[in-house]
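The structure appears right after this line, and notes come after that.
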Amino acid sequence: MRRVAIVGAGLTKFYRNAQETPKELAYEAARMALDSCEMKLSDIDCVVMGTAPDAFDGVHMKGEYLADGAGAYRKPYMRHFVGGGTGVLSPIHGWFHVASGMFDTCLVVAEEKMSSAYPHPAGAFLTIFDHTTEQPLYPTLIWIFAIEMNRFMTTWGYKKEDIALVAVKNKRNALDHPSAQLGAEITVQDVLNSEIMAWPVNRLDISPTSDGAAAIVLAAEHVARRVTEKPIWIDGVGWCLDTAYWCTRDLYYPDYVEVAARMAYKMAGIKEPSKEIHVAEPYDPFTYKELHHIEGLLLAPRGKSVEMLKDGYFNRDGNLPTCPSGGALGVGNPISATGLMKIIEIFLQLRGEAGKRQVPGKPTCGLAQAWGDLMQVGTVVVMRS
Amino acid sequence: MEITDKMVAKTATKLSAEDIQKGKVLSVKWTPNLKYAWDNGPALGRYLAELKNGRIIAKKCNKCHRILIPPRMFCELCWVPTGEWVYVKDTGIVNTWVISYVDWKAGRLDIKGGVRPFTPAVIEIDGATKGMGILHLLNEVDPWKIYRGMRVKAVWKPPEERIGAITDIKYFKPVE
Ligand SMILES: [Zn+2]
């Protein structure tokens with residue numbers, strides 16, 4: 001397998017509702033990514049597209065619809081989709097194309113326009129549940145996250161007011177992110193006082209629905225060295241799906257995230273992740289999910305992430321900064337674009353180009369992770385400068 | 001390269017809900033009315049038929065010896081066909097639960113007006129392998145007094161109202 005680097009990145013602004021069409025958003029992100037590394041579309045050998053349920057955009061065959069915006073005209077093109085885990089599968093999908101030797105360059109684009117499902121995309125999720133045993137009970141995504149959060153809390157004795165610190169941290173971090181939709185200075189009390197959606201989940205425990213797109217350029221080593229002085233290497237990839245019988249799993253721990261992480265760590269030669277990973281972007285669509293994933297990624301001992309959070313361990317200036325971007329909770333959550341936004345954050349952090357968000361200590365190894373489907377997929381990428 | 005405010009400024013244009021509701025920007029609207037009739041397969045078909053009889057049935061894997069609910073024709077862990085059918089009880093314990101103030105469309109329930117929150121839960125069914133749960137609703141209990149490990153029992157619709165659906169069980173309620 002050949003070494004593959006990220007050499008360029010682009011990101012749109014994230015909004016609850018953007019006027020631009022999905023195609024136009026994809027174009028903006030892809031254009032910025034190419035410009036960032038002074039490459040032209042003719043330098044790109046192939047394109048991959050990450051985008052989540054067709055039901056959001058209301059466009060069946062969304063991959064085909066988005067192709068023009070992603071710069072895929074008459075190029076080898078593939079779309080991938082694993083729900084919320086999509087955006088971190090995107091660079092993995094592109095990595096295959098280049099690592100295999102099939103192509104020297106790959107443009108990776110992720111786009112989501114959730115506002116098209118009107119007035120709210122929540123209802124579009126009903127059909128992800130089993131049509132015979134679950135859908136007749138009219139479940140929502142919020143229910144199953146709240147169910148999982150409750151299980152996580154009862155297992156370790158975690159308190160809502162402690163988990164709320166994730167929202168405080170991420171929304172504050174997002175104040176420094178140019179694309180952010182929900183950067184804010186809030187308190188734990190604000191989170192606890194926000195509307196109850198489905199206890200234990202309050203409104204400020206949840207990431208927003210968003211429109212946005214992100215893109216990166218991947219290149220084989222000989223191209224990467226020519227294009228940039230600061231290639232960021234994809235050194236480990238891992239992904240895994242657990243059973244869709246989610247009621248038969250113990251939800252306190254995301255085993256599938258651990259399996260995906262171990263795969264990526266093994267490939268990257270990482271033995272002690274909590275020491276060797278300097279900065280991380282775990283997926284945080286809900287406050288508790290960041291902690292759940294930190295434990296699954298073996299970045300904190302099981303049952304200890306809350307204590308470490310309270311000690312400031314995961315702050316931007318802490319021992320292991322997590323979601324320095326502001327995460328899904330702060331930057332926004334246009335599903336697939338969120339995962340790729342996290343990849344871009346690690347890319348910028350490792351290049352020392354994260355501006356006001358830059359974590360101290362010149363990090364050289366970082367990780368991004370996403371999660372999704374019926375609480376069953378983990379996608380992990382380890383990157384080094 | 002840093003991604004700056006200036007760079008992202010022109011990538012997207014912010015709209016408000018009002019812009020669309022009041023027609024300040026033009027949008028095209030469509031309300032799909034898609035209809036499906038989902039076949040249930042032999043395993044869930046039998047499961048539903050037994051629910052109509054007021055019973056819950058599971059299926060056993062002869063390799064890992066798990067008693068699986070909902071029943072399935074193959075074991076997803078062992079990747080072999082499952083074995084015999086096993087009746088399980090209509091009682092169980094609450095594994096984890098939620099107190100929901102929203103419906104499936106994220107519409108708000110009128111809690112202040114006295115509407116009871118939904119209390120969906122994962123219920124581990126007695127007779128199935130430990131940890132085997134199903135999603136269902138809890139009722140006849142103060143939502144704020146539900147606890148992990150609470151013993152519950154199915155409340156069935158009357159036989160003449162059952163149609164062979166998971167909703168033939170109205171909900172689960174606490175038992176001593
Ligand atoms: Zn088995």
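Go through region B:10-50 residue by residue and tally those that are polar (S, T, N, Q) and surrounded by fewer than 11 Cβ atoms within 10 Å (Cβ to Cβ). Talk me through it step by step, then tell me what you get.
Within region B:10-50, the subset polar (S, T, N, Q) is B:11, B:13, B:16, B:21, B:27, B:31, B:33, B:40.
Narrowing the set further to residues that are surrounded by fewer than 11 Cβ atoms within 10 Å (Cβ to Cβ) leaves B:31, B:33.
Total meeting the criteria: 2.
Say whether the condition of being in a loop (DSSP other than H, G, I, E, B), away from the ligand (no atom under 16 Å from the Cβ) and more than 10 Å from chain A (Cβ to nearest Cβ) is met by at least one residue in region B:79-86.
The first filter runs over region B:79-86 and keeps only residues in a loop (DSSP other than H, G, I, E, B), leaving B:79-80, B:82-84.
Now narrow it down to the ones that are away from the ligand (no atom under 16 Å from the Cβ): none.
For region B:79-86, residues in a loop (DSSP other than H, G, I, E, B), away from the ligand (no atom under 16 Å from the Cβ) and more than 10 Å from chain A (Cβ to nearest Cβ): absent.
For region A:36-55, indicate whether the set of residues that are modelled with pLDDT under 95 and open to solvent by 40 Å² or more (accessible area, probe 1.4 Å) is non-empty.
Yes - at least one qualifying residue is present in region A:36-55.
Could you please give the count of residues in region A:335-351 that are open to solvent by 10 Å² or more (accessible area, probe 1.4 Å) and over 14 Å from A:MET383 (Cβ atoms)? Before the answer, list the steps.
Here is the first cut: in region A:335-351, the ones open to solvent by 10 Å² or more (accessible area, probe 1.4 Å) are A:335, A:350-351.
Subsequent filtering for residues that are over 14 Å from A:MET383 (Cβ atoms) retains A:335.
Of the residues in region A:335-351, 1 are open to solvent by 10 Å² or more (accessible area, probe 1.4 Å) and over 14 Å from A:MET383 (Cβ atoms).
Take the conditions within 16 Å of the ligand (Cβ to nearest atom), more than 16 Å from B:GLY133 (Cα to Cα) and either part of a loop (DSSP other than H, G, I, E, B) or among the aliphatic types (A, V, I, L, M) (or both) and apply them to B:LYS63. Does it pass? If you could, list the steps in order and put the result at the bottom.
Details: within 16 Å of the ligand (Cβ to nearest atom): yes; more than 16 Å from B:GLY133 (Cα to Cα): yes; either part of a loop (DSSP other than H, G, I, E, B) or among the aliphatic types (A, V, I, L, M) (or both): yes.
The answer is yes for B:LYS63.
Quickly run through region A:336-376 and pick out the residues that are farther than 13 Å from A:GLU281 by Cβ, touching a Phe, Trp or Tyr at 6+ places or on another chain (Cβ under 9 Å) and modelled with pLDDT of 95 or more.
Hits for region A:336-376 are A:SER336, A:ALA337, A:GLU353.
Name the single residue that is surrounded by the most Cβ atoms within 10 Å (Cβ to Cβ) among those in region A:242-259 being within 13 Å of chain B (Cβ to nearest Cβ) and not hydroxyl-bearing (Ser, Thr, Tyr).
Checked region A:242-259; the qualifying residue surrounded by the most Cβ atoms within 10 Å (Cβ to Cβ) is A:CYS247.
Hey, can you tell me all the residues within region A:130-171 that are assigned to a loop (DSSP other than H, G, I, E, B) and either closer than 25 Å to B:ILE20 by Cβ or more than 9 Å from chain B (Cβ to nearest Cβ) (or both)?
Let us first name the residues in region A:130-171 that are assigned to a loop (DSSP other than H, G, I, E, B), namely A:130-134, A:138-140, A:157-159, A:164.
Scanning region A:130-171 gives A:THR140, A:GLY157, A:TYR158, A:LYS159, A:ALA164.
Within region A:278-334, which helices (runs of 4 or more DSSP H) (wholly inside it) include 1 or more residues that are open to solvent by 10 Å² or more (accessible area, probe 1.4 Å) and not hydrophobic (A, V, I, L, M, F, W, C)?
Those helices (runs of 4 or more DSSP H) span A:305-310.
Open to solvent by 20 Å² or more (accessible area, probe 1.4 Å) and of a type in the set (A, V, I, L, M, F, W, C) - does that describe any residue in region A:1-22?
Looking for residues that are open to solvent by 20 Å² or more (accessible area, probe 1.4 Å) and of a type in the set (A, V, I, L, M, F, W, C), one finds at least one in region A:1-22, hence yes.
Among the residues of region A:183-201, what is the count of those that are free of Cβ contacts under 8 Å to residues at least 40 places away in the same chain and within 14 Å of chain B (Cβ to nearest Cβ)?
In the first step, residues of region A:183-201 are kept if they are free of Cβ contacts under 8 Å to residues at least 40 places away in the same chain; the result is A:185-190, A:192-196.
Filter once more, keeping what is within 14 Å of chain B (Cβ to nearest Cβ): A:194-196.
Residues meeting the conditions: 3.
Being within 13 Å of chain B (Cβ to nearest Cβ), modelled with pLDDT of 95 or more and closer than 21 Å to A:ASP205 by Cβ, is that true of even one residue in region A:119-129? If you could, list the steps in order and put the result at the bottom.
Keep residues of region A:119-129 that are within 13 Å of chain B (Cβ to nearest Cβ), which gives A:119-129.
Among the residues that remain, those that are also modelled with pLDDT of 95 or more are: none.
No.
The values are calculated or read from the model by the stated rules, or taken from the named source; none is laboratory data. Keep in mind that what you see is a predicted model, and the values were worked out from it rather than measured. Using ideal geometry, Cβ is built from the backbone for each residue, glycine included, and neighbour counts are taken over all protein chains shown. All accessible areas refer to the heavy atoms of the entire protein, side chains included, with ligands and DNA or RNA removed. Shrake-Rupley method; radii C 1.70, N 1.55, O 1.52, S 1.80 Å.
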